[in-house]
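Read the structure below first, then the notes.
Derivation of every value follows stated rules applied to the coordinates shown; laboratory data play no part. Note that the coordinates shown come from a computational prediction; the quantities given were computed from them, not determined experimentally. Positions of Cβ are generated from backbone atoms using ideal geometry, with glycine treated the same way; all protein chains shown enter the neighbour counts.
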């Protein structure tokens, strides 16, 4: 399926034929449908807080509750020795990227199945669906970021230029969630088992990432290498560094980036390969 | 000039058990994956044949459609009509062959797709437009026109979940109708909505064709096919059996199909597996001497019977007959358990073979051709099976009231009413 860009007043010629093996990514089709992407993100955000009494306030409440719970359980009950004074900020810096990642992954994995009626009735590049489900988490993320900034001011953490790193780092979180999400969303079309696995996966993944604790707690070179296979480990560590200037990202971060690239490229191609039978199998 | 649609040897192979059974288990597929090399070797030894678990929903379909042409597509249930439409609208890929399309394909079967109940009418117009492939600027330009066409101006900022179903349908149709695609696909829209809405659909279709766009019209409704299309394709079991001027094609279809024999059998491969445990066997039209007939006299009672099997006991089953005219006007709908006593008695139907039969009283129908549909469902639980156009038959009005005047008489029913004439001084 390769639409040739339309010439003036000349309708585009569309050739439909069976694609074999690994299909090309066809990013130009995705570009043509960018407005749809925008509308899908907008729909997700708009609908999320409709008919809730508290509305968008939930986007503030949930991260605050999360930070409080983490502070109580890990900061007070388990006495995180090292930085217990500003543990709320430590957990908040972990929860910030984690919230974006876990929410995006959750929505992404069920995105195709949740849009069955669209997939079986209208043609558009299917990649729009998982991408929009991931991007729609960015508004909540922005609100969480504000909470972190408030905490920073409260704890008199110096605001440095390092904060600008949050921009590329956020992009990295989005791509990580999308990479894993593409695999899960495509698998979910065929095996609904994925729907049961994802919540558990996210829970385990959180403990395998430095959300509630600092990445510095993981020691030993071998352990750190294995730890680095989790792309979120380096990303969260870097978030924390950019905000409170803890241990700077190093090998762990590079490993994260490499892992993300592998997952992303493979996820894209797997998705494209499965895409052509979505309407038949979903 | 290049044809707008050029199909070459199109084919679509489905794995049975894929759609009906839906999800394979993971372990099944891991086994499949692991045994793939083995199967590959076997395949080299024995060239691939159409194995039992696959089915060609469509095969060897080649045709061209010129710009501005209105082409009808007819065929029985399971003949491959919907598969063809899915290929044309690029929802699914063909297994073999090639399809070249010049321009945007819009479809009236997508009416309301992607509408979100929580969003307002205004928001849904933009969202739905984008889903159907319209640019933001294009939607903004046509916005007022769409709203006017839908007649929901007052409620345009109300969430559509508060709309009545009629308003919802009108708004959805308004968006789809303003897509202005080069190729419009219409699939049985005549089966949904009220008479007004159907007229609007047909009117819009006529406009589209006059503007020089191409229309593909899929229908069971022969009179609509005759009225709206120039040429018609007949599909049968996934193959194209005829392409001819519509009057010729309709004649062929009515003659070749079982549609005029007074009896309709369902082959196993015509029944979707989603119908289980219900298995339709036959629908028959019987005169008052219990002979199978394809035309009945309006002055005599006649019977309609449905024979079917239940593989397991079914609760709340009801068999319904829908009688329509060939102009898709509904005459009546009736269920075998309409009577409360019958409903009580047949709440549970054990597994077995059944016939549900009803008698149509004399002096009810006007002369003309009618279409009989059948449906098996448990109310608000499940619909097992449905065939909207299972059997066609003629009603002959010889001896009916008023036949001494040769003029045709309007109306679906032709009752023998009790008249009295009084002379008033």
Within 10 Å of each Cβ in B:116-123, the average number of Cβ atoms from other chains: 3
Sites residue A:154 and residue A:277, calculated FRET efficiency, Cβ-Cβ separation with R0 51 Å, nearest 0.05: 0.45
Peptides B:330-343, A:262-275, B:123-136 ordered by average Cβ neighbours within 10 Å, highest first: B:123-136, A:262-275, B:330-343
Percent RCO, i.e. relative contact order, over chain A, from Cα pairs under 8 Å lying at least 6 residues apart: 24
Cα gyration tensor of the protein assembly as shown - equivalent ellipsoid semi-axes, whole Å, descending: 57, 28, 27
Cα-derived Rg to Rh of the stretch B:81-256, Kirkwood definition: 1.00
Shielding by partners, peptide A:121-131 (average Cβ within 10 angstrom, other chains): 4
Part-to-part distance (alpha-carbon centres) for the stretch B:56-100 and the stretch B:365-380, which is given in Å: 28
For the stretch A:243-282 versus the stretch A:149-187, the gap between their alpha-carbon centres in whole angstrom: 15
Sorted largest first, extent of the stretch B:301-414 alpha carbons per principal axis (Å): 54, 25, 22
Inter-label distance for residue B:382 and residue B:406, nm, one decimal - labels placed 7 Å from Cα along Cα-to-Cβ: 5.7
Spin-label pair residue A:254/residue A:68, simplified geometry with 7 Å Cα→Cβ offset, distance in nm: 4.4
Helical mean residue ellipticity (222 nm; -39500 (n - 2.57) per DSSP H run of 4+; nearest 500) of chain A: -20500 deg cm²/dmol
Where N is the number of residues in chain A, Cα Rg divided by 2.2 N^0.38 Å: 1.10
